[in-house]
Every structure is written in C-alpha cells, then in structure tokens.
1. Under the 0.36 nm per residue contour assumption, what length would be gained going from the current alpha-carbon distance of residue A:115 and residue A:649 to full extension?
2. Under a cut-off of 19 Å between alpha-carbon atoms, report the lysines in cross-link reach of residue A:378, not counting same-chain residues fewer than 8 places apart.
3. Counting only residues 5 or more places away or on other chains, whose amide H sits under 5 Å from the amide H of residue A:86 once H atoms are built in the peptide plane?
4. Return the FRET efficiency for the residue pair residue A:365, residue A:660: r is the Cβ-Cβ distance, R0 is 45 Å, and the value is rounded to the nearest 0.05.
5. Taking θ = phi - 60°, what integer Hz values does the Karplus form 6.51 cos²θ - 1.76 cosθ + 1.60 yield along the range A:659-673, in sequence order, with x for Gly and Pro?
6. Which order do the peptides A:422-435, A:251-264 come out in when sorted by mean C-beta neighbours inside 10 angstrom, highest first?
7. With a cap of 12 neighbouring Cβ atoms within 10 Å, and only residues DSSP puts in a loop, list the GluC sites (Glu not before Pro) found in the range A:476-577.
8. Can you tell me the orientation of helix A:158-173 relative to chain A, as the angle in degrees between its alpha-carbon axis and the longest Cα principal axis, to the nearest 10?
Amino acid sequence: MVPDKFLKPYSHTDTEKRIYSAWEESGLFNPDVCVEKGVAAPDAPSFSIVLPPPNVTGTLHTGHALGTTIEDIVVRYHRMKGDKTLWVPGTDHAAIATQSKVEKMLEKEGVKKRDLGREAFLERVNQFAQESHDTIVGQIRRMGSSIDWSREAFTLDEVRTKAVRTAFVRMYEDGLIYRGDRIVNWDSKLQTTVSDDEVDWKEEKTPFYYLKYGPFTIATARPETKFGDKYVVMHPDDARYAKYKHGDTLALEWINGPITATVIKDSVIDMEFGTGVMTITPWHDTVDFDIALRHKLDKEQIIDTFGKLLPIAGDFAGMQIKKAREAIVAKLTEKGLVEKIDENYIHRIAINSRGEGAIEPQILRQWFIDVNKPFILKHSNIPSIKSGSETTLKSIMRAGVEHKAINVLPDRFEKVYYHWIDNLRDWCISRQIWYGHRIPVWYRNQNQESGVMNQEEVYVGTEAPEGSDWVQDEDTLDTWFSSGLWTFSTLGWPYSAETATKGKPGPENDFANFHPTNLLETGYDILFFWVARMILMTGYLLGEVPFNTVYLHGLVRDEKGQKMSKSIGNSVDPLDVIDAHGADALRMALVVAVGPGNDSNLSDDKIKAYKKFANKIWNITRFVLEKTNEVPERPSLTDADITRINELNALIQEITEDLEKYRLYLASEKLYHYVWHTLADVIIEERKVILEGSDETAKVSAQWTLRTILRTSLALLHPFMPFITEDIWSDVKGSDDPMLMIMSWPRQI
RNA sequence: GGGCGCUUAGCUCAGUUGGUAGAGCAACUCUUUUACACAGAGAAGGUCAGGGGUUCGAAUCCCUUAGCGCCCACCA
C-alpha cells in the first residue's frame, strides 16, 4: 500500500516543522539521551562541535546557513555512526557590533546613549539582544540543525562571565595581561579602541606636502599632526645625510616658531621613498611609536580623543583636524615652508570595519595581552611544548598547527595563519563601550590626574573586593576575549573542569567527555579574530588545542558572484528560501560542489535543482512502494542485483570516506548523481520489466534489492537532506527500526 | 611590497592519489492512460587561459606569461 501523501508532489512546508518537532521531542540531540536509549554505547567514541555563536545583532544570513549545514551534516553522520555526538549551541553578545546597532536605533528615536545612562542603555541592549536571539534560534531550527538545545550558552551569561573573569585573573597573575600606555587604534566616533584586525584601509586621493624642515625636506599627507615633530629620522647608511650624526641637534623654524630638532638614525627608513628623511609623530603613528620606543624619545599628544587639536597646536588648538589642515597649510605657505604639493598622492586612511568611523592612532592607557612574554606552561598536551616548560602565547598558537594537532582545511590557510602570528602585536583587549564583560579590575585611591599612578591600588579578581571604596574599571573586554574561551566555557569550565569524569554522562562531565572538540567549522574571514584566539586561550588555560580540525568555509555570494550586502539589496534570507523551496534544497545548494575555503554563488536555479531532487526521491519511493512488497529475508539474488548491491557497497564506502575526510562537497554530489542517474534512471528502469514479468525468483530479488537500495540511499542522504529522508523513512523502515536520525550508518551489505 | 586563490560546455561551477572531460541551468528533437512533466529518451556543445617542461600518459605535477579576485604589510 502506498500512503496517499506520495500521490502528490513532495511538500516541504507540511513536513519540515513536524519532523523537527519530532526530533526535538525525542531528546536525541542530547548525547546523554542517546546513551540512555542505547543509540550510542556508553564507551563509544565522542564527537563534539561547538556552534560558532552568531552575533545577536539581528538575523542569520546565508553564511550562517552554510555553516550550520556543514556542521549538521557532520554531526548527523557521527550520531548515526554511533558516536556520542554533541553539538553545542549558543550566541555571541558581539559587544561593539551589538552596541552600535542599538545606538543607531536610539539615534533614530532621537535618544543619546549618554542621556540614558549605562544601566538603562544596557537594558535596552539586552532587550534587543534577546529579540535577536529568539529570531536566530528559530532560524537555526528551520535549517534542521540537530543541536543540543539543553546546553545552550551565551557569551555574556553568568557561566561564561565566570570563565572570562577566571581567564583574565590567571593571565594577569602570569603577567600576560598588563595595563600600559601604548599606541592603539582609536575610533573617535564610537569613542573606543578597536583591535588591529578590525581596522579597514580605504584609499583616498589627497595632497602630499613637501615641507622644509631646516636643511631637510620632509613629506606628509597629514600636516595637522606635525606640530610636535622634533625628531628627524634617516637611514644610517644614507650617504646624502652622512654629515648628520645620530643625536645631533639643530635649530630650525617650524609651524609655530623656532624649535630644536634631533637627528635619529634608524634603518626602518626607506631611502628610496621621498627624500629619505622623515619626522615622527609617535603619539599618532604606529611606526613612529616603535621608533620612539627604540630610541627612548619623547612622545607628545597632538590630537585629543575627539579629533581636536590640543594646545600644542598654538593658534590651531581646539580645531577639528580636518578643518585645521587648510589653515595650517596656509600658514606653512606663508612662512615659505611648503616646497611643493603633489596633488595626486594616494593615501590610505584607517576605518573601523564595524562602524565606519575614522581610526586615529593614539597612545592610551589600556589593557593588553602580551603575546611575546615568556611564561611557564604548567600542563601541556600541545605537541613540542613540554609541561612545565617556558613558552609564549605566540609559540602556543604556532605549535598546535605546526605539529598537526590541529588540521586546517584547506591547508593553504595555515600559511596565512603563521604569517598573521608573525606580525601580531600585543592584543589590546579593553574597549570603552558599555555592552560586554566589564573588566574584572577594581581601583582604590584612583588619582584623577592622568599619568600619576603612585597612590593607586589595583585589585584583580573574579569578584569585587571587600570594602565600598573600590571602583571597577569602566571598560569592557574585546568580544573575542570571551569567544576565545567558547570551546571550553560551553563545556563546564571552570566550574566542573576539575571534577568532570570521562565516560560519565551529564553536562557536568562534558569537559572530560567532549574537550578537545573534534571540529571547528567557520568562515575563513574570522580565522584571525576567532580561531587564532581560541587556540591562544585554550593553549594557555588548558595546555590543549581547542579542536583537531578547522574547516573554513567561504563566502556565499549572490548568483552573479557579488558579495551579498544590505546596501546593494542582494542579500538572500535563508528563511525565504526555506519557505519557498525547503531547508533540504537549501542545504544541498549550499554544500554540493563547494569545497572548503572556496566562495560560492547561490542561485535560485541551483536551489530549485535540489528541490526537484527532493521530489525525485519522493517519486522513487512511490514507485518502490507501489511496485514491490517487503521481502523480510534476503532472497537469492540475480547476478544483475548482486552487481547493483556491490555498486551500492562501493558507494557506501566512498561516502563514508568522504565524510570522514570532510569532503562533503563530493559526497553530496555523488549521492545526487547516484540516486538520480543510477537508481532512478537505470536500476528502476531495468527492474520495471522484471517486476511485470513472471520470473518469481527474479521478481523477489528485484523487490528486495530495490527496497534495500532505497533504504540505504535514504540513510546516506540523511545528513544532507534530513527532513525528506526522515519523512519517507517512516513509510519504508522496518518495523523495529527507529527514526532515521539514529539509524546506524550503512555498512557493507 | 609580500602571500594566496581562480581562469574547464552559452552561464554557474565540480573533477579526492596524473589514466580516453562532468553536473545544474539555458538551448535543440521526440515522448504524456509511463514512479515522477519538479519527468523520460536522444542529440548538440570543451585544443580544460597562453607558452614551455616532466611522464608511456597531464585539467591534474613543475616552470613561465597574462587577466580577474582575495588576504596581509602600511612608505613618513
């Protein structure tokens, strides 16, 4: 008998929500339930993934859809294989991104954050974050993600706060977190620092001024920063300036009158560029800052944190730098200090990638993580770093990847990763925003005058110190500090990390059972932001690698290959696609033939192709149910059927291997091809005659073969297209078989 | 300045270790009491960017040139 539903085309809308509810009600997304119900053996290998926590800044896009699809495929495969499989969900508070989103919303209402005050503002952010969270969680469900909702986490919840503070205190005590006056990227619009990785560079045509500086000519695109320039730097080997010695002083006329300049010789200077001489502005330029550090030079602030000139600028003090430039150039011209102006110079200006604000380097007192400082790593499972040996955070980041404790897919990103480590500066972790983890540092007798520290007491701890006169640091932590802990802060660290017992069920044992995680799947665009920071944090705090494999997916572009963006209006909302064509179709369209690290174009045609494929599977099932009877025992098979079964066995082996090696793009394509062009076009067509014929032996052989191939195909396809395969399964499964989701992965028949 | 990727059928892209080129869409012919027209059968379409090399054999490995794209550095 064929159920009526097969008499019309497959309808995902009727099916997907019902199936997801059934999965969720079964509780089988939870590995403990799987063990309890005998799906996974108590001593089975474990397999774990954390969901890269989406930012609570609104809704998920197709990149998230791709990520959750890949993760779910792998998770479903391992669950069917019988592993104790855990996929941990959660969301990221995304500090600066979320705060600026809410600020923009408030702006439209005419409300300023300062007027609301910290507490009321945070309430508003939390409300928004909650709404975003609810939307996101709904979207993840619609994708079919078999994720353990009972373990859901948030980077800013109580448990994660404890983890963040514990990590901070430890690093502080080891001297790896320090407070210092160093050059940072200052966003004067958002009034906060941002990390080096969050700075974007934009090209801009700007006049390039050649200015007379005593006997020298110096060149600059930013004359408004030059007031305090009293060091003139040249290469030690530059013959043109051989007569000037390091440390020589000379009197010269500058913007606001006569000054004394000091000659500095430093090999950082490019003799070929410009005149081979430059003056330095250590307070507002990274390279200059380094030169000043090397030669112990004075540093003076020229521009304040609001982008206005300070009293050092004399007549120009208080002016916005952009407006000041013209006036300054006029004065320089009047004084005869302008030698020439190149009007076609291309200059690069720094922009905050998260908020469009211009970045002005500033020397500010901030909290930093020292990536080069040697320390003793007490316990280490990281290859090449022995327990109790001296190492650095940079070495930790390199070692895991270099010695293959972490495999990166595709491996070409390893090179990119090393290069990033080599260029890494100390990580500025303090932010002057309100939303986020407040820095767990308290001060007493804080001296209001900047630069005077001698009276101040500092307390660093996971809880506020006793006594009412302690004031907590106003700043919050870079959001990546908390996401860096994600692979273990979601598994019970630091609460139950010590007591967790391997082999025992329950979240309190997660740390022992599921860390290190097996796979970290994310976009290649956050290799530095996140992946590197997780390796750093895990290495330092646990002496482990956070995961064994990193699968980096590419960008999902529109059908023309353009980057999706809200301003262009070409964004594809995964929910719209799911409504129109089904989650299974979307999943296949995202995964087939898209290897790791490669960008892909998502077209409506591609999605439709897999919607048709779903219908094809549907009709194959209809045929098999209509034309065959269940054959309980394996009959003696015809040679033709044996050949088909052998072919299926080969497919099982190939798909299994592909999944083990994370070649989802190949496995999905092969399955598509097999089901449509082998099973439907060839096997079914060939068997039609036999099923109508009178050879009973051949008929029974064909019936058993067709049903076996269908069932096996559904199982192989399940990780990729979980909804339709689960739905069909209820009509073709054996009477003792459980849901397809927990059927054991096909073995050789 | 340094690094990486891409260039395969009209379009979008696969091609895992080198063994006579594949898919989707589009276009062409035929087929509708056929499991499925969200389909089937058939035909058509490529000197795998150019050049050189290794090999019995190269889309695949090496060198080189060109075009496109990305990442990092940040030259004042």
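1. Working: separation 534, 0.36 × 534 = 192.24 nm, distance 6.89 nm.
Here the answer is 185.4 nm.
2. The reachable lysines, counting only those whose Cα sits under 19 Å from residue A:378, are A:386, A:394.
3. A:47, A:48, A:49
4. Working: r = 51 Å, r/R0 = 1.13.
Approximately 0.30, to the nearest 0.05.
5. Computed from phi, the couplings for the range A:659-673 are 5, 4, 9, 6, 8, 5, 5, 7, 4, 5, 5, 5, 5, 4, 5 Hz.
6. Details: A:422-435: 19.9, A:251-264: 15.7.
Result, highest mean Cβ count within 10 Å first: A:422-435, A:251-264.
7. Details: sites: A:498, A:508, A:521, A:544, A:559; in loops: A:498, A:544, A:559.
When the GluC sites (Glu not before Pro) of the range A:476-577 are filtered for loop state and at most 12 Cβ neighbours within 10 Å, A:498 remain.
8. Compared with the principal axis, the helix lies near 50 degrees.
Every number in this text was worked out from the coordinates using simple rules, so none of it is lab data. Predicted model only: the values in this text are computed from it and were never measured. Please note: Cβ atoms are built from the backbone with ideal geometry, for glycine as well, and neighbour counts cover all protein chains shown.
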